[in-house]
Amino acid sequence: MNEKYAKPYFESFMVALSLSLLPIKIFSYVVPFVALFWFIVRSSSGRVLQRTLMAITGIVVLLGFYYIIYLYQGTSFLLGNSVVAIFTYSTFFLLLVIPGRGISSSFSYEKYAPVLKWVILIEGIIGILQFVIVTVTGITYIINGDSVQGTIGIDAILNGNAGFGNQIFVISMIFFIFLFIPYVLQQHKYYYVVLVGLLSIMLAGVLHVFVSLVWALLFTILFYRKNLIFSDLSKIIGGVAMALLMLLPLEFFFPGISKTTAVFFQIYQDRDSPKFEAMDNAFDKLPEQYPLVSLIGLGPGQYSSRAGLISSGNYYGSKMNFLPNEVSEPFRKLFQHTWLEYTHGSDRYGNSTMHRPFFSILSLFAEFGFVGLGLFLGCILYFFMKIRLLFVFFKERKNKVNTYLAFAMGVLLIMLVFISTFENYLETVQALLPGMMLFKVLYSQLLTEAKQKPQEELVQKELVSA
């Protein structure tokens, strides 16, 4: 238990949560730094300040490395774009430097769960009301589902611009709901809160996120259950049936939406789709023209990441004085045309996320190469398997709450990978920051509780090494 960090971490979480739920758009990228500043001040932690300075030094060295490499190659490296990338990826900067040992007897899961209850309830009710208002009034300048944004896009109906709010709303709500369900199962109440939350995300109609969640559920069930394939075949069939049933409400609210599921596979195969063209350029033509891309990428903010898009000056519809407002040579030669074609092809693509010619997996490869992409996927796999050990450990000891928590955390990790194949979601601070901060502190709690109990030698060795 760590009383020194527990209260400051909880306060920092509340700061991040409160700010992330506001309609602040581009200014959301400073929220992780605000939360970090709050933590350092409240904890008076010289160690965290030292870790922060070390991380900043590491980033400076990394940017210097890219600058020198591409200067030698005769390709310009835009430092301003890289600085923007520090902000767009700031969720992971915070997770790297802030300690996860923020759990104590006073600030355990039971302290965080009531906060989630009210957030899910309030955001869910607002989202449902937004859907009802658009449906009843017959407003046509915004789609019913796109209006479901909670407080993140509280003004979406008024200004007629759906923006990106409903995707952010759905992803953040999934994190909140999944990390709240174990508390519901423990207390045997608050089921209505979960139902309100689920209804709101179904009304939002963000199909690709919902399908990613279903895939993540099935994947986690498959890998977390012992001998599932051979001894629990019925549970696989049941899981698939459950997943299909979960899609029925979407068909009810949005008739014909199930037919669009075929698009998930077509967009990566159709040579006329923006996504296929973007993939062909990034994975084939880009390495041909810039040989180092396959290994280390072009550097942060130099291609199709959200940082690269924002830095171009065209992402928000107009240039902003505090942004670089320029693009790299590879961006201009191999990506800009595809992006503009998608942007101006609203009649054909309908501003659909599924057709957007950028997503995190592609951007990680283009800007960090196989080294960066491998590091991301490797970290996901590492923690996924560590959490599986915790799942097995608590399941064998019939600790239902921690078992459910471990399972939920495994699902969320895999969902993070799946949604990263659709959009640059790894750079959406409002969608990820509160959920990932909660994820980190609950992971710490599971580790702490596991180490305090008698364990098998193998499990003990694995958990201690984590």
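The numbers here are math on the coordinates, done by the rules we state, and not lab data. What you see is a predicted model; the values in this text were computed from it and never measured. When we count neighbours, we look across all protein chains shown, and the Cβ atoms used for this are built from the backbone with ideal geometry, even at glycine.
Take the Cβ atoms of Asn314 and Glu110, set R0 to 35 Å, and the FRET efficiency comes out at 0.15. Placing a pseudo-label 7 Å from each Cα along the Cα-to-Cβ vector at Lys7 and Leu295 gives an inter-label distance of 5.2 nm.
At a Förster radius of 45 Å, what calculated FRET efficiency corresponds to the Cβ-Cβ distance of Ile69 and Glu341, to the nearest 0.05?
0.90
With both labels modelled 7 Å from their Cα along Cα-to-Cβ, the Leu22 to Val371 distance reads 3.8 nm.
Among Trp339, Trp118, which comes first, second and so on when ranked by fewest other beta-carbon atoms within 10 Å?
Taking fewest neighbouring Cβ atoms as first place, the list is Trp118, Trp339.
May I ask you to give the average projected area over all directions of the convex hull of the Cα atoms of segment 78-129, in nm² rounded to one decimal? That works out to 6.0 nm², a quarter of the Cα hull's surface.
Computed from backbone phi with θ = phi - 60° and the Karplus coefficients 6.51, -1.76 and 1.60, the 3J(HN,Hα) list for segment 11-24 is 5, 5, 4, 5, 4, 4, 5, 4, 6, 5, 8, 8, x, 9 Hz; x is used for glycine and proline. For segment 21-124, the calculated P(r), taken from all Cα-Cα distances in 5 Å bins from zero up to the bin holding the longest distance, is 2, 10, 14, 16, 18, 15, 10, 7, 4, 3, 2, 0 percent.
Stokes-Einstein, applied to the Kirkwood radius of segment 123-197 over Cα pairs at a viscosity of 0.890 mPa s and 25 °C, places its translational diffusion at 189 µm² s⁻¹.
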